[in-house]
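I have placed the structure first, in the form of C-alpha cells, so that the comments after it can refer back to it.
Computed from the coordinates by the stated procedures, all read-outs in this text should not be read as laboratory data. Nothing here was measured: the structure is a model prediction, and the numbers come from that model. Here the Cβ positions follow ideal geometry from the backbone for every residue, glycine too, while neighbour counts run over all protein chains shown.
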C-alpha cells in the first residue's frame, strides 16, 4: 500500500521520473507500484469513486492524501 501523505511537487516529480526509468528498464510492475506512491489528483479520485465505487478506488492502491485533504477525511463514506 502506498504511503498516504501529501508531497511537494518536487517529490512527486522524483517519483514520476523513477517510475519512468523503471518502465524503460522493463520493470513494469515496480514502475506502477512506485507511481502510485504519488498522490492521485483529487478530481480523478472523486471520478473513480463516483463511477466505479469506493472499493474499486481503494483496490487500485493509489495515494489518496490530496483527495483526503481537499474533500475531508470522510469523503469516501459520503
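Of all residue pairs spaced 6 or more apart or on separate chains, those with beta-carbon atoms under 6 Å, a first member in the stretch 57-78 that is under 10 Å from residue 40 (Cα atoms) and a second member that is assigned to a helix (DSSP H, G or I) are 64/45; 66/42; 67/42; 67/45.
Output yes when any residue across the stretch 24-39 is over 13 Å from the mean Cα position of the chain (by Cα), free of Cβ contacts under 8 Å to residues at least 24 places away in the same chain, assigned to a helix (DSSP H, G or I) and under 24 Å from residue 69 (Cα atoms), and no when none is. Within the stretch 24-39, not a single residue is over 13 Å from the mean Cα position of the chain (by Cα), free of Cβ contacts under 8 Å to residues at least 24 places away in the same chain, assigned to a helix (DSSP H, G or I) and under 24 Å from residue 69 (Cα atoms). If I filter the stretch 4-14 for residues that are assigned to a loop (DSSP other than H, G, I, E, B) and free of Cβ contacts under 8 Å to residues at least 24 places away in the same chain, do I get at least one hit? The answer is yes; a qualifying residue exists.
Conditions tested, residue by residue: (1) out of contact with any helix residue (DSSP H, G or I) (no Cβ under 6 Å at 6 or more places or on another chain); (2) buried (at least 18 other Cβ atoms within 10 Å of the Cβ); (3) on the phi > 0 side of the Ramachandran plot.
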residue: 21; (1), (2), (3): yes, no, no
residue: 29; (1), (2), (3): yes, no, no
residue: 34; (1), (2), (3): no, yes, no
residue: 38; (1), (2), (3): no, yes, no
residue: 45; (1), (2), (3): no, yes, no
residue: 53; (1), (2), (3): yes, no, yes
residue: 56; (1), (2), (3): yes, no, no
residue: 61; (1), (2), (3): yes, no, yes
residue: 64; (1), (2), (3): no, yes, no
